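K.L.:
Take this structure, written in structure tokens, and hold onto it; I'll ask about it next.
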Amino acid sequence: MNSITIAPRLWFEETLLGATLNFQSSDKAEEGVLFRVGLSFQSLMDCDKNLSQKACLWTIKDGSLSVYGDFEELTLTFCSVNGTLIQMGLSLFGEELNAFRYAVNSLAARKKIALN
């Protein structure tokens, strides 16, 4: 499957059911936490729809990822869903913001292509 890099520590991996959004919380893998959030095609389409609004506020059902902001800056908040609460945020703007929007739109559109 394909991989789409958004930022040095943020990338999507395409899956059969949608995509996995990965975020490494530190430049040093042994010191940080790797968040892996599975996004179904439906979640990708919902997120894409919210990203097209003036103000975006979207959270995946299990609470492991929240996306909020506007056309100039988005904040992604990753949160553990089991065990000890671990929460990390990442702000995207400029090229990284555009790459995130493009990736979500592109991955969401793949369901439409698969159905035809």
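K.L.:
If each of Ser3 and Phe71 carries a label point 7 Å out from its Cα toward its Cβ, how far apart are those two points in nm?
P.N.:
Here the answer is 3.3 nm between the modelled labels.
K.L.:
How many percent of the accessible area of the chain is carbon or sulfur, using a 1.4 Å probe? Show your work: numbers first, answer last.
P.N.:
Numbers: 3680 of 6980 Å².
Carbon plus sulfur share of accessible area: 53 percent.
K.L.:
Could I ask something else about it? Starting from the Cα of Glu13, step 7 Å along the direction of its Cβ; do the same at Asn50; then give the gap between the two resulting points in nm.
P.N.:
In this crude spin-label approximation the distance works out to 2.4 nm.
K.L.:
If you don't mind, another one. ³J(HN,Hα) across region 8-18 via Karplus (A = 6.51, B = -1.76, C = 1.60, θ = phi - 60°), whole Hz, x for Gly/Pro?
P.N.:
Once θ is set to phi - 60°, the couplings for region 8-18 become x, 10, 9, 7, 9, 10, 5, 10, 5, 9, x Hz.
K.L.:
Hey, could you pull the Cα Rg and Dmax for the chain, both in Å?
P.N.:
Reported Rg and Dmax, both Å: 13.6, 45.
K.L.:
Also: Write down the accessible area per residue of the chain in Å², having rolled a 1.4 Å probe over the full set of protein chains. Walk me through the numbers before you get to the answer.
P.N.:
Working: 6980 Å² over 116 residues.
I get 60 Å² per residue for the chain.
K.L.:
Once label points are set 7 Å from the Cα along Cα→Cβ at both Ile86 and Lys61, what is their separation, rounded to one decimal in nm?
P.N.:
Placing both labels 7 Å beyond Cα along the Cβ direction yields 2.5 nm.
K.L.:
Using +1 on the beta carbon of Lys and Arg, -1 on that of Asp and Glu, and nothing else charged, what's the dipole of region 59-116 about the Cα centre, debye to 20? Please list the in-between numbers first.
P.N.:
On the way: 5 positive and 6 negative charges, 95 e Å.
It works out to roughly 460 debye.
K.L.:
Relative to the Cα centre, what is the charge dipole magnitude of the chain, using +1 at the beta carbon of each Lys and Arg, -1 at the beta carbon of each Asp and Glu, and rounding to the nearest 20 debye? Present the calculation step by step, with values, prior to reporting the outcome.
P.N.:
Numbers: 10 positive and 13 negative charges, 93 e Å.
Taking the Cα centre of the chain as origin, the dipole is about 440 debye.
K.L.:
When the Karplus curve 6.51 cos²θ - 1.76 cosθ + 1.60 is applied with θ = phi - 60°, which whole-Hz ³J(HN,Hα) does each residue of region 45-55 get, with x for Gly and Pro?
P.N.:
5, 5, 5, 4, 4, 5, 5, 7, 7, 4, 10
The values are calculated or read from the model by the stated rules, or taken from the named source; none is laboratory data. Because the structure is a prediction, the values reported are computed rather than measured. Because the Cβ atoms are built from the backbone with ideal geometry, glycine has one as well, and the counts that use them run over all protein chains shown. Just so you know, the surface numbers come from the protein's heavy atoms only, side chains and all, with ligands and any DNA or RNA stripped out. Shrake-Rupley method; radii C 1.70, N 1.55, O 1.52, S 1.80 Å.
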